[in-house]
Amino acid sequence: WARFYCSGGCAANAWNFQQGTLLHWLPTDPERKIIYNDRADGAFCSIVLDVESGEIRRLPRPIAAVSHSGKWAASINYARLADMRPGYGYVGVADPFADVLHPDEDGLYVMDLESGEYRLIVSMDRAFRAARPPEAFLEKKMWFNHVLFSRDDNRIFFMARYKQDTGPLVTAAFTVNPDGTDLRCVLPYSWGASHYDWIDGRRMVVVSRYRGEPKWLHVFFTDGGDDYAPLAPEILQRDGHCHFSRDGKWMVTDSYPQGPGRMRSLYVMEMATQQVAELARFHEPSEYKGEWRCDLHPRWNRDGTQICIDSACDGTRQVYAVRLEMTDK
């Protein structure tokens with residue numbers, strides 16, 4: 001485990017190379033408060049920190065996603081995640097359900113960020129019953145990962161996953177109301193799911209093996225609908241970390257290292273035309289592999305003028321800002 005230090009002098013004992021502490025600016029006070037994960041008194045928790053006053057408030061569960069209103073957070077079992085996929089979970093706490101394949105008392109939680117009250121809204125057993133995994137995985141351990149509120153906070157996206165002995169993870173994608181009602185399997189295990197983002201309250205993109213095809217495509221669809229359609233499939237044929245601009249006009253995504261130069265590509269796509277431009281390529285040194293890899297993880301700033309990326313292109317893990325000049329036709 002590692003200790004994360006912030007400029008206010010605080011330290012966090014919950015950190016990993018792929019998602020850090022899940023640090024967010026808190027939307028209810030985005031100019032001065034942040035929320036991030038920690039470990040204290042033998043359990044994972046989250047901390048709300050006022051970066052100006054240094055005031056700290058501890059909440060009883062770690063966060064996996066924060067609602068856009070800042071009123072709610074979704075939470076998962078990070079001890080189980082650490083056991084099943086190192087690099088995404090946190091160590092130092094034992095999973096109380098380690099011997100249960102798909103527990104009925106653990107899964108996806110929603111927590112009130114003001115009061116700290118929380119409840120389980122979808123158990124792993126419920127997800128198991130809602131979308132039965134392939135026969136070979138019925139006696140394997142399920143876990144939840146990758147959670148995101150829709151842009152109107154009315155739906156929550158999450159993944160249920162299984163590990164193969166070799167090969168990619170076996171994944172189904174779900175959406176659910178924040179109160180736990182209307183659970184939907186939006187992408188079956190036969191398609192798989194990887195990276196994702198909501199463009200609004202109903203539509204989203206998930207990188208998937210569309211209808212069971214071998215290529216990973218950026219599949220755009222309406223939650224609860226059957227309008228699945230790959231975006232720019234002639235160009236975007238690999239897994240990528242997709243993210244929409246706030247106005248929904250643009251999508252940024254990336255690639256994993258390609259070719260002998262181990263170059264990661266950064267792309268931007270105009271949603272209206274599906275025209276794709278490669279903005280840049282970034283070398284990733286060969287030692288950055290597995291849990292240590294440094295994905296670009298591109299993200300828009302609030303006004304859509306810059307993209308933030310992670311990269312080890314200079315031999316060290318850094319954060320970069322790519323400035324854009326977007327023009328209307």
Residues being open to solvent by 70 Å² or more (accessible area, probe 1.4 Å) and outside any helix (DSSP H, G or I) - total across segment 117-139: 5
Filter result for the condition that a residue is outside any loop (DSSP other than H, G, I, E, B) and of a type in the set (D, E, K, R), over R151, R161: R161
Selection within segment 164-194 - in a strand (DSSP E or B), hydrophobic (A, V, I, L, M, F, W, C), open to solvent by less than 10 Å² (accessible area, probe 1.4 Å) and free of Cβ contacts under 8 Å to residues at least 60 places away in the same chain: A172, A173, F174, V186, L187
Counted residues, segment 295-321 - those being in a loop (DSSP other than H, G, I, E, B) and touching a strand residue (DSSP E or B) at 6+ places or on another chain (Cβ under 6 Å): 4
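This table checks each residue for (1) without any contact (Cβ under 8 Å) to a residue 40 or more places away in the chain; (2) open to solvent by less than 50 Å² (accessible area, probe 1.4 Å).
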{"residue": "G240", "(1), (2)": "no, yes"}
{"residue": "S245", "(1), (2)": "no, yes"}
{"residue": "D254", "(1), (2)": "no, yes"}
{"residue": "M269", "(1), (2)": "yes, yes"}
{"residue": "T273", "(1), (2)": "yes, no"}
{"residue": "D295", "(1), (2)": "no, yes"}
{"residue": "R302", "(1), (2)": "no, no"}
{"residue": "A312", "(1), (2)": "yes, yes"}
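Counting just the residues of segment 276-291 that are assigned to a strand (DSSP E or B) and free of Cβ contacts under 8 Å to residues at least 40 places away in the same chain, which one comes out farthest from Y320 (Cα to Cα)? If you could, list the steps in order and put the result at the bottom.
Going residue by residue through segment 276-291, those that are assigned to a strand (DSSP E or B) are 276-283.
Retained after the next criterion (residues that are free of Cβ contacts under 8 Å to residues at least 40 places away in the same chain): 277-278, 281-283.
Numbers: A277: 19, E278: 17, R281: 13, F282: 11, H283: 14 Å.
Step by step, filter segment 276-291, then rank; the result is A277.
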Some residue of segment 183-196 being out of contact with any strand residue (DSSP E or B) (no Cβ under 7 Å at 6 or more places or on another chain), farther than 18 Å from A65 by Cβ and not charged (D, E, K, R): yes
Criterion violated by V268 - all others in (1) under 30 Å from E135 (Cβ atoms); (2) part of a strand (DSSP E or B); (3) of a type in the set (A, V, I, L, M) satisfied: (1)
Residue in segment 294-305 that is of a type in the set (K, R) and modelled with pLDDT under 95 present: yes
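What about R211, is it closer than 20 Å to W300 by Cα, open to solvent by 10 Å² or more (accessible area, probe 1.4 Å) and out of contact with any Phe, Trp or Tyr (no Cβ under 6 Å at 6 or more places or on another chain)? Lay out the reasoning, then the answer.
Details: closer than 20 Å to W300 by Cα: no; open to solvent by 10 Å² or more (accessible area, probe 1.4 Å): yes; out of contact with any Phe, Trp or Tyr (no Cβ under 6 Å at 6 or more places or on another chain): yes.
No; evaluated as a whole, the condition is false for this residue.
Taking strands (runs of 3 or more DSSP E) that do not extend beyond segment 51-116, which have at least 1 residues that are exposed (fewer than 14 other Cβ atoms within 10 Å of the Cβ) and touching a residue at least 24 places away in the same chain (Cβ under 8 Å)?
Numbers: elements: 56-59, 72-75, 107-112.
Passing ranges, in order: 56-59, 107-112.
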Any hit, segment 29-49, residues being closer than 23 Å to D152 by Cβ, touching a Leu at 6+ places or on another chain (Cβ under 8 Å), free of Cβ contacts under 8 Å to residues at least 24 places away in the same chain and not in a helix (DSSP H, G or I): yes
Conditions (1) within 30 Å of W25 (Cβ to Cβ); (2) touching a residue at least 12 places away in the same chain (Cβ under 8 Å): number failed by M142: (1)
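Limited to segment 314-329, what total is found for residues that are open to solvent by less than 50 Å² (accessible area, probe 1.4 Å) and either under 19 Å from G240 (Cα atoms) or in contact with a Ser or Thr (Cβ under 8 Å, 6 or more places away or on another chain) (or both)? Step through it out loud before you land on a result.
From segment 314-329, those open to solvent by less than 50 Å² (accessible area, probe 1.4 Å) are 315, 322, 324; that's our starting set.
Next, from what is left, pick out any that are either under 19 Å from G240 (Cα atoms) or in contact with a Ser or Thr (Cβ under 8 Å, 6 or more places away or on another chain) (or both): 322, 324.
Residues that pass the stated criteria total 2.
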Subset of segment 195-249 (residues that are part of a loop (DSSP other than H, G, I, E, B) and within 15 Å of the chain's Cα centre (by Cα)): H195, I199, D239, G240, H241, C242
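Okay, residues lined up against (1) modelled with pLDDT of 95 or more; (2) under 22 Å from the mean Cα position of the chain (by Cα):
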residue: M263; (1), (2): yes, no
residue: R281; (1), (2): yes, no
residue: E291; (1), (2): no, yes
residue: I309; (1), (2): yes, yes
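The values are calculated or read from the model by the stated rules, or taken from the named source; none is laboratory data. These numbers were taken from a predicted model, which means no experiment stands behind them. We place every Cβ from the backbone using ideal geometry, glycine too, and count neighbours over all the protein chains shown. Keep in mind that these areas ignore ligands, DNA and RNA; they rest on the heavy atoms of the full protein, side chains included. Shrake-Rupley method; radii C 1.70, N 1.55, O 1.52, S 1.80 Å.
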